[in-house]
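Everything on this sheet refers to the single structure shown next.
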Amino acid sequence: MKKWNRQRIKNLIRRVLEFFLNPRLLLCFGIAWFITNGWSYAFAAIGVYLDITWLYVIGLSWMTFLWFPFTPEKIVTLFITIGLLRWLFPKDQKTLAVILREQTALKAAMAKAKRSRRRKKVMKWLVKELPKRRALRKLQQQK
């Protein structure tokens, strides 16, 4: 495991900030956020300003739904952001390369976790079944 020193932390923070403060990514994220959430804020504001009750209620209802812990809105926003980035800026290879690298690392981590869970499951099964099989084998040898 790598040692976390001050320089390594500074480099990590700089790389993360450069990635997230990329103007192209911010533009795509803003559009994606408006697609998933922003319209509800606009509906609520316009509904209050123009005294249109149904518009205000729809906007407020969606905003209320977003505060529930099970809403997949953040994940959907990220997928829309990546899709917009690929569609609007196909030549932005630097940002797309970072996304691809992180996606590959995430897939590898998920595969490693799956193997680990499988290994634990097999070990648990062995701990439970091995004494039974030994006892059965002893009984067969005694006959």
In order through region 81-92: 3J(HN,Hα) via Karplus (6.51 cos²θ - 1.76 cosθ + 1.60), integer Hz, x for Gly, Pro: 4, 5, x, 5, 4, 5, 7, 7, 10, x, 8, 7
The chain: angle of helix 39-49 to the longest principal axis, Cα-based, in degrees nearest 10: 40
On Cα atoms only, tilt of 6-20 relative to the major axis of the chain in degrees: 50
Those lysines that a straight Cα-Cα span of less than 24 Å connects to Lys128, excepting residues fewer than 8 apart in one chain: Lys114, Lys120, Lys138
For the chain, calculated [θ]222 nm from helices alone, where every DSSP H run of n ≥ 4 adds -39500 (n - 2.57): -28000 deg cm²/dmol
Reachable lysines from Lys10, criterion Cα separation under 19 angstrom, eight or more residues apart if same chain: Lys2
Derived scalar couplings ³J(HN,Hα) [region 67-73; Karplus, 6.51 cos²θ - 1.76 cosθ + 1.60; whole Hz; x for Gly, Pro]: 7, 5, x, 9, 6, x, 4
Between 0 and 90°, nearest 10: helix 23-33 axis offset from the chain longest Cα axis: 90
For region 1-123: accessible area per residue (Å², 1.4 Å): 82
Candidates Phe65, Phe29, Phe79: whichever shows maximal mean-square fluctuation once the chain is modelled as a Gaussian network with Cα springs under 10 Å: Phe65
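The values are calculated or read from the model by the stated rules, or taken from the named source; none is laboratory data. Given the structure is predicted, the values throughout are model-derived calculations rather than measurements. When the accessible area is computed, the model is the full protein with side chains, heavy atoms only, and any ligands, DNA or RNA have been set aside. Shrake-Rupley method; radii C 1.70, N 1.55, O 1.52, S 1.80 Å.
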